[in-house]
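Please treat every number below as a calculation from the coordinates, not as lab data. Bear in mind the structure is a predicted one, so any value in this text is a computation, not a measurement. FYI the Cβ positions are ideal-geometry reconstructions off the backbone, even for glycines, and counts take in every protein chain you see.
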Amino acid sequence: MELQELFGRLLSESALRQIGSLAALGVGAALLYLLARRVLVATIRRAAMNSASSWDDRLVEASLFARLAYFAPALVVWYGAQAIPLNDTLDLLLRRLAVSVLIVVAAMSISAFLTAVNEIYSSDTENRRRPIKGYLQVVKILVTLISGVLIVATLMDKSPLIFLSGIGAMAAVLLLVFRDTLLSLVASVQLTGNDMVEVGDWIEMPQFGADGDVIDIALHTVKVQNWDKTITTIPTHKLIEYSFKNWRGMSVSGGRRIKRCLLIDVNTIRFLEEDEIERMSRFSLLHDYISRKTEDIRTHNADPNRDPETNADIRRLTNVGTLRAYIESYLQNHPSIHQGMTLMVRQLAPDPNGLPLEIYCFTNTTDWGIYEGIQSDLMDHIFSILPEFDIKAYQSPAGRDIALLEPKGGGSGVLP
């Protein structure tokens, strides 16, 4: 008997009318959505693609109009619930659901619009230096929070102010939940305001294994594409908390530093003989140096109180000093070395590995591949020119060096 009564209620005239009304409402909402999506949105998309401006293309790519199409079925449900006969409970439920859907669609549309704004803003090369993506993400978070409060208030038929007052009481909890967001927001403001990092900058941050170009700056993260093409994601606030190296200054300056040490075997350092001085004076890069230096030495040694036969009393040219002058002149005449930046060849403190001769200069390009080629060619030439000065570069003995040592005492096997 109970089953018969149940089926009777379901099949009653009132129930059938309700079901028919809901079905008609659903079909109408679906048809209007298809009309909006397939006709209006498609027409807007074609018009945007055929226009000369690019900002409307960004709106289409962000799916703004596709999301706005969802307003159609929600409005159909809202107005249809008032026009068709429904019981009070069902009418109230449909209206609340329709309003909630409208709020969700509005929030999604605002988010898509903000995405398009960021794309339009970033399309200008100059604007990429100061990204606004982080600020727009904060707005998206606020829109999401407000939408959530409005949806809950709508479904519960309560004033949103009640929930907002509750949020004020939960401020401590919210601060804990959104701690990283707040830190990242402050960091984004500092990074942008102080011009500390931009998209396209080469940065090094060993703490996070980052060494490459910045490809994206968002609210919470900064993405760095390393030279091995891996991606390192760094929390934005960590760029304020830890130090990092930005190579932008080098790129902007137009020159990249070469700082290499040539280790000279101190046993090969000596004075130059007259025939060697005469031979080296024919080098175009050394002619002026030797002429000026020999004149200074001749004036100094002309003092009658100095004994020309005693090396300790007179000045003489050395092979290492002449080599240093040659390298410096070579750099000054090199077409790929920047002459407007620091250029020097200096001796560092000698150590167990010999006498370090440091080459310090800048190339006139910052391109990595070209820079490495210039640096390699420069060192190739310097190593190859050492025999002209009877100088040998120092290197630690290898197995072959030890094998070439001859034993003393006619093959006794005792190494010297």
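Per Stokes-Einstein, at 4 °C and 1.567 mPa s, what whole-number D in µm² s⁻¹ belongs to region 192-252, with the Kirkwood radius over Cα pairs as the hydrodynamic radius?
113
Using each residue's phi in region 391-400, evaluate 6.51 cos²θ - 1.76 cosθ + 1.60 at θ = phi - 60° and report the 3J(HN,Hα) Karplus result to the nearest Hz, with x for Gly and Pro.
Going residue by residue, I get 10, 10, 6, 8, 8, 5, x, 9, x, 5 Hz, with x marking Gly and Pro.
Please compute the contact order of region 270-402 in relative form: average sequence separation of alpha-carbon pairs under 8 Å and at least six residues apart, divided by the residue count, as a percent.
Details: 113 pairs, mean separation 25.2, N = 133.
It rounds to 19 percent for region 270-402.
Hey, can you grab everything whose amide H is under 5 Å from the amide H of His338? Only 5+ residues off in sequence or another chain; H modelled, so Pro and N-termini drop out.
So His338 has HN proximity to Phe362, Thr363, Asn364.
Tell me, Thr366, Thr125 in order of fewest to most beta-carbon neighbours within 10 Å?
By the 10 Å Cβ count, ascending, the order reads Thr125, Thr366.
Using the Cα centre of region 298-380 as the reference point, and only Cβ charges (+1 on K/R, -1 on D/E), how large is the resulting charge dipole? Debye, rounded to the nearest 20. It would help to have the intermediate numbers written out before the result.
On the way: 6 positive and 11 negative charges, 65 e Å.
Computed charge dipole of region 298-380: roughly 320 debye.
Would you mind computing, in nm to one decimal, how far apart the modelled labels at Arg292 and Arg315 are, each placed 7 Å from Cα along Cα→Cβ?
With each label point 7 Å from Cα toward Cβ, the separation is 1.3 nm.
What is the extension gain from Ala23 to Glu278, computed as 0.36 nm multiplied by their sequence separation minus the C-alpha to C-alpha distance, in nm to one decimal?
Full extension from Ala23 to Glu278 adds 81.0 nm.
With a 10 Å radius around each residue's Cβ, average the other Cβ atoms per peptide and rank 295-306, 145-156, highest first.
Answer by packing, highest mean first, reads 145-156, 295-306.
Suppose the chain between Val39 and His381 were pulled fully straight at 0.36 nm per residue; how much longer would it get relative to their current alpha carbon spacing?
Contour length minus the Cα-Cα distance gives 116.0 nm.
Too long at a 32 Å Cα-Cα cut-off: which of Lys133/Lys259; Lys259/Lys293; Lys158/Lys238; Lys259/Lys392; Lys245/Lys392?
Lys133/Lys259; Lys158/Lys238; Lys245/Lys392
Report the extension gain between Arg257 and Leu142 in nm, rounded to one decimal, defined as 0.36 nm multiplied by the number of residues separating them, less their alpha carbon distance. Could you put the intermediate results ahead of the total?
On the way: separation 115, 0.36 × 115 = 41.40 nm, distance 4.69 nm.
Full extension from Arg257 to Leu142 adds 36.7 nm.
Explain nothing, just compute: Karplus ³J(HN,Hα) = 6.51 cos²θ - 1.76 cosθ + 1.60, θ = phi - 60°, for every residue of region 114-123 in order, whole Hz, x for Gly and Pro.
5, 4, 5, 4, 5, 5, 5, 5, 6, 5
Using the Karplus curve 6.51 cos²θ - 1.76 cosθ + 1.60 with θ = phi - 60°, what ³J(HN,Hα) values do you get for each residue of region 221-233, in whole Hz, with x for Gly and Pro?
Computed from phi, the couplings for region 221-233 are 9, 10, 9, 10, 8, 6, 5, 8, 6, 7, 10, 10, 9 Hz.
How large is the charge dipole for region 192-252, taken about the Cα centre, if only the Cβ atoms of Lys, Arg (+1) and Asp, Glu (-1) carry charge, to the nearest 20 debye? Could the numbers behind the result be given before it?
Working: 5 positive and 9 negative charges, 15 e Å.
Here the size comes out at about 80 debye.
Going out from 0 in 10 Å bins, what whole percent of all Cα-Cα distances in region 256-397 drops into each bin?
Bin by bin from 0 Å, the calculated values are 11, 36, 33, 16, 4, 1.
Is there a quick way to get the dipole size of region 256-397? I mean about its Cα centre, with the Cβ of Lys and Arg at +1 and of Asp and Glu at -1; what is the value in debye to the nearest 20?
480
How large is the convex hull of the C-alpha atoms of region 166-300 per residue, in Å³? Can you show the working numbers first?
Working: hull volume 32.0 nm³, N = 135.
Per-residue hull volume (Cα only) is 237 Å³.
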